[in-house]
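To start, the structure itself, in structure tokens.
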Amino acid sequence: MALRSLFDVPAPAKLNLSLRVVGKRADGYHLLDSTMVLIDWADTLHFEHRGDERISRHDIGAALPADDLCLRAARALRSAAGCTQGADITLDKRVPWGAGLGGGSSDAATTLLALNILWGLEWPLERLLPIGLALGADVPFFLAGCNARARGIGEQLAPIAHRPSWYAVVQPAARLETRAVFAHPKVAARVEAARLAGFSDGTDAEDFEANDLQAAAEDLCHEVFEAVAWLAARFDGGASRMTGSGSAVFAFAGPLEKTAGAGPATSATMSVPWPSGWTGRMCRSLERHPLHGWAHR
């Protein structure tokens, strides 16, 4: 049965703990091998059923592009379902755009999951995943709702166990365009190296904590290099690096559980004075997406 409204539906961000570019398909899509975890930095979306066929989005805060992934997801689901229902979507955008945190993809996934209930479709996850993949490589990860290793163009997901952890995440004032990062010669060189090493199918690449897009991003945006160095100087629990293809970087800041001789970490005790003009937050990893199970399995 369709619900009349859904309040405060979250759309959490993600971190790429590792990201390898292992090849490129004939259609231009890059093949990736990435370990991704969900974090508690999230947008909030509110959905209300409309009596007509209109789908509209209302922004809290700065206006977003008129045709964002959220609206595209709603239209794609309605088209696939062959229904004529409408919805009002209010988006409270908290995850910064252009950061590589997957905010737009997460909004799209949350939209698919919420409208699947609001419109009474009750589709299984398997029917939502192809719609999500057509919207973006990260959308299936958010739909599946658990920490995972993603391969191919994002459609090959294998759940992973991840120790609950704190991460310091910061985005400098600059933004990066995904297309520009992937078009950089250093990414093309990485693709060729992967091909020569025999990793072009994305199945045999070794795991390591790095981001193959970082060198290209640092060439395009020196602030990425500065942010990596700034975090590395403050957190010695693990190397700082970029997430995704955006300008945000992160560093491991310790486990969530109580450590010997110290009290349990909290968001207050883990606060950081971020540089002026940068957007930063101490984030906790999540075991599952808050909407995990909303699609029928």
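Lys-Lys pairs in the chain that are eight or more residues apart or on separate chains and whose Cα atoms lie under 26 Å of each other come to 5. Averaging the sequence gap over all C-alpha pairs within less than 8 Å and six or more residues apart, then dividing by the number of residues, gives the chain a relative contact order of 25 percent. The alpha carbon radius of gyration of the stretch 33-163, expressed as a multiple of 2.2 N^0.38 Å, is 1.03.
You can think of it this way: the chain between Arg127 and Arg288 has 55.9 nm of extra reach, that is 0.36 nm per residue less the Cα-Cα gap. Taken over the chain, the convex hull of the Cα atoms encloses 140 Å³ per residue. The slack in the chain from His58 to Ala210, taken as 0.36 nm per residue of separation less the alpha-carbon distance, amounts to 51.0 nm. Put a plus charge on the Cβ of each Lys and Arg, a minus charge on the Cβ of each Asp and Glu, and nothing anywhere else: the dipole of the chain about its Cα centre is then about 200 debye.
Every number in this text was worked out from the coordinates using simple rules, so none of it is lab data. It should be emphasised that the depicted structure is a prediction, and the values quoted were computed from it without experimental measurement. Using ideal geometry, Cβ is built from the backbone for each residue, glycine included, and neighbour counts are taken over all protein chains shown.
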